[in-house]
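Take a look at the structure below.
The values are calculated or read from the model by the stated rules, or taken from the named source; none is laboratory data. Since the structure is predicted, the reported quantities are computational estimates derived from the model, not experimental observations. Counting neighbours? That spans all protein chains shown, and the Cβs are built from the backbone with ideal geometry, glycine included.
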Amino acid sequence: MKKKSKITVGTQLIMTLGIMMVMVFIVGACGYLMRKNSVETETELYENYGQTQGELAMGFANFQNVKVQLRNILYVYVGEDADLQTSKQKIQDAKDTVNEYMKEVKSDLKDSATKVIYEKVKTNIDTYFEDADKCLEYFDAGKVQEARNYLHTNGVKSANEAEENIEKLIDEIDKYAQKKQDYVAVQNKQGDYFVAFVMLIALLNSFVAFNFITKTIRDPLIELSGVAKKVSAGDVDVTITPSRIDNEVGALVDGFNMMVENLKKQAEVLSQVAEGNLTISYQPVSENDIVGNAIVKLIHDNNAAFSNIRNAAGQIGNGSEQIASASQTLAQGSSEQASAIQQISASVTDIANKTKDNAQKASEVNDIVIRAKSDADEGNRCMREMIVAMKDINESSENIQKIIKVIDDIAFNTNILALNATVEAARAGEQGKGFAVVAEEVRNLAGRSAEASRQTAEMIEDSIAKVKHGSVLVGDTEKALDVISEMIEKITDLSANISSASNEQAAATSQIDDALTQVSQVVQTNSATSEECASASEELSGQARGLENTLMKFKLKDVNEGTSNDYNYNTDIRLEDYHDTRY
């Protein structure tokens, strides 16, 4: 038997994570050291080369300033005392600055070659400064031409040598800086190779770890997932590949194998039970085996239940025959009762129909009375309007009389004026004849107007008398209509009460009819139910006999006896024993 390698899932993950962390630490440490080395090198380049070159360049610039100011004194500012003093002060300041920068350059230099060149540069600068001082002495003594000659003879040579050596020193510093940069580049490249190598190892380690985890964890879990889906669907005919790693996944695989074996045995027992064999027995795996204990209880309870059913089937057959006889008797009585209730219902229905007709006619009378009351009210309203109109006519007649009186007065005055005009026309003689004719016509018109006014007045007085008589008649008519309206209102109230009472009586009769209909339906239902009950009892008796025949195919055992050992499944197997029996 091949021995299983003992390594847990936690150990696998810790080992993989530990190796990855070591690789990450190595890569990080290499990166940090490379960065530190690069920073230190850059700092060294700046401090020993870049900064030194800057200081040397500043010293050289101030050296050039000394040369410029000396030429200004000897050639430009001759005779200008203020500018001369300024240039002399600038020369002194520049010389001091040059000396300070040269001291700093000397302290920064690390190799002997640059120090040798530095000494030459310092000697040349000091020589030029001495030549410059000599030129200034000649100039201050008034010997300008001699100062110029001395500058061309000695100063130019020392200045050129100083410039040449300064350039050599700068070139030498550049060479050393370039060497240092090349060294740093080589170191960085080697560091990159090392980091790439470490990363390659980390990738290989990741691949190996992934492959190991896939084979020992992922693949078994995928297989268990498929098995779990089949088992959840009720398919227990499955096979699980045994695990060769002694870890949690291996224990899970072993547990699944034991579970599947137990399920297979339980399925076999249940299959026998389904075929009607209740004489079998089953031994649960443990006290906590819920399904196993349920199977044992199922077998025991089914034996007890089917035994009771077999005994009860005979009793049900006898009882169903008695129920059938009683149901037949009940059905006959219910049929007679239903016939009597139908006759009562027919009588009540006839009464309800007549009551509805009375209620309908009472409602029609009530509607007619209501319309008559409405017409009487409308007649009263019209009479009141007629009284108001006759009063208005009376007032208008009196006003017309006043107007006719004014017309009489006008006609009378017109007649007087016509007479006066006739008299005046007679006095006028021949010239007034035409005017006399007009006056005569006016007097005739006035007479006709007075006659017409008199006739109109007589007619109006006659109309006023008739209107007064009509007003008296209208008043009497209004009183009569008021009396009629009061009587119609009383009739309306009585008709409404009669109609309401008729409607209530019709509703009550309808309710009685409905109640009798429901009673009749209940009685008919009882009769039908009794007949169905009798038929069902007969059917039940037949089914009870069929049930007895059906139960005969079940193999039952005495539930009071102990559990038989026909199917004794002892599946209480330890996990260690299960491991040993597979390999």
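Quick one: would you say Met20 is modelled with pLDDT under 75, part of a helix (DSSP H, G or I) and within 48 Å of the chain's Cα centre (by Cα)?
Yes, satisfied.
With at pLDDT below 75, surrounded by 15 or more Cβ atoms within 10 Å (Cβ to Cβ) and within 30 Å of Ala496 (Cα to Cα) as the only criterion, which of Ala352, Ala338 stands out? Can you show your working first?
Numbers: Ala338 fails: within 30 Å of Ala496 (Cα to Cα).
The match here is Ala352.
At pLDDT 65 or above, of a type in the set (S, T, N, Q) and either closer than 30 Å to Asp96 by Cβ or assigned to a helix (DSSP H, G or I) (or both): which single residue out of Asn48, Asn37 fits that description?
On the way: Asn48 fails: at pLDDT 65 or above.
Just one listed residue meets the conditions, Asn37.
Let me confirm something: among Lys157, Lys180, Lys189, Lys168, which residue is in contact with a Leu (Cβ under 8 Å, 6 or more places away or on another chain), on the phi < 0 side of the Ramachandran plot and either in a helix (DSSP H, G or I) or surrounded by 15 or more Cβ atoms within 10 Å (Cβ to Cβ) (or both)? So that I can check it myself, show each step before the final result.
Values: Lys157 fails: in contact with a Leu (Cβ under 8 Å, 6 or more places away or on another chain); Lys189 fails: in contact with a Leu (Cβ under 8 Å, 6 or more places away or on another chain); Lys168 fails: in contact with a Leu (Cβ under 8 Å, 6 or more places away or on another chain).
When all the criteria are applied, what remains is Lys180.
Could you look through region 460-479, keep only residues that are exposed (fewer than 13 other Cβ atoms within 10 Å of the Cβ) and among the hydrophobic types (A, V, I, L, M, F, W, C), and pick out the one that is farthest from Asp367 (Cα to Cα)?
The extreme case among them is Ala465.
How many residues are in contact with a helix residue (DSSP H, G or I) (Cβ under 8 Å, 6 or more places away or on another chain) and surrounded by fewer than 20 Cβ atoms within 10 Å (Cβ to Cβ) when one looks only at region 138-149?
Adding up the residues that qualify gives 4.
This table checks each residue for (1) in contact with a helix residue (DSSP H, G or I) (Cβ under 6 Å, 6 or more places away or on another chain); (2) surrounded by 13 or more Cβ atoms within 10 Å (Cβ to Cβ); (3) on the phi < 0 side of the Ramachandran plot; (4) not aliphatic (A, V, I, L, M).
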site	(1), (2), (3), (4)
Ala436	yes, yes, yes, no
Val442	yes, yes, yes, no
Glu451	no, no, yes, yes
Thr456	yes, yes, yes, yes
Leu481	yes, yes, yes, no
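Counting only residues that are part of a loop (DSSP other than H, G, I, E, B), surrounded by fewer than 20 Cβ atoms within 10 Å (Cβ to Cβ) and out of contact with any Asp or Glu (no Cβ under 8 Å at 6 or more places or on another chain), how many does region 275-287 have?
4
Could you tell me whether Ala534 is modelled with pLDDT of 75 or more, over 30 Å from Ser363 (Cβ atoms), in a helix (DSSP H, G or I) and of a type outside the set (Val, Ile, Thr)?
no
Out of everything in region 223-274 that is part of a helix (DSSP H, G or I), within 26 Å of Ala294 (Cβ to Cβ) and among the acidic types (Asp, Glu), what residue ends up being modelled with the lowest pLDDT?
Among those that are part of a helix (DSSP H, G or I), within 26 Å of Ala294 (Cβ to Cβ) and among the acidic types (Asp, Glu), it is Asp254.
Among the residues in region 258-275, are any closer than 30 Å to Val27 by Cβ, under 47 Å from the mean Cα position of the chain (by Cα) and not small (Gly, Ala, Ser)?
no
Could you tell me whether Thr239 is among the polar types (S, T, N, Q) and touching a residue at least 40 places away in the same chain (Cβ under 8 Å)? Even if it seems obvious, please write down each step before you answer.
Values: among the polar types (S, T, N, Q): yes; touching a residue at least 40 places away in the same chain (Cβ under 8 Å): no.
For Thr239, the condition - among the polar types (S, T, N, Q) and touching a residue at least 40 places away in the same chain (Cβ under 8 Å) - is not met.
Considering only residues that are of a type in the set (S, T, N, Q), in contact with a Phe, Trp or Tyr (Cβ under 9 Å, 6 or more places away or on another chain) and within 16 Å of Lys67 (Cα to Cα), which ones fall in region 125-153?
The one that is of a type in the set (S, T, N, Q), in contact with a Phe, Trp or Tyr (Cβ under 9 Å, 6 or more places away or on another chain) and within 16 Å of Lys67 (Cα to Cα): Asn149.
Yes or no: Thr456 in contact with a Lys or Arg (Cβ under 8 Å, 6 or more places away or on another chain) and part of a helix (DSSP H, G or I)? Steps first, please.
Details: in contact with a Lys or Arg (Cβ under 8 Å, 6 or more places away or on another chain): no; part of a helix (DSSP H, G or I): yes.
So Thr456 does not fit the description; no.
Conditions tested, residue by residue: (1) touching an Asp or Glu at 6+ places or on another chain (Cβ under 7 Å); (2) hydroxyl-bearing (Ser, Thr, Tyr); (3) closer than 30 Å to Ile498 by Cα; (4) in contact (Cβ under 8 Å) with a residue 12 or more places away in the chain.
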{"position": "Glu378", "(1), (2), (3), (4)": "no, no, yes, no"}
{"position": "Ala389", "(1), (2), (3), (4)": "no, no, no, no"}
{"position": "Ile400", "(1), (2), (3), (4)": "no, no, no, yes"}
{"position": "Val406", "(1), (2), (3), (4)": "no, no, no, no"}
{"position": "Asn415", "(1), (2), (3), (4)": "no, no, no, yes"}
{"position": "Val437", "(1), (2), (3), (4)": "no, no, no, no"}
{"position": "Asp462", "(1), (2), (3), (4)": "no, no, no, no"}
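How many residues are assigned to a loop (DSSP other than H, G, I, E, B) and over 16 Å from Phe60 (Cβ atoms) if we restrict to region 72-120?
6
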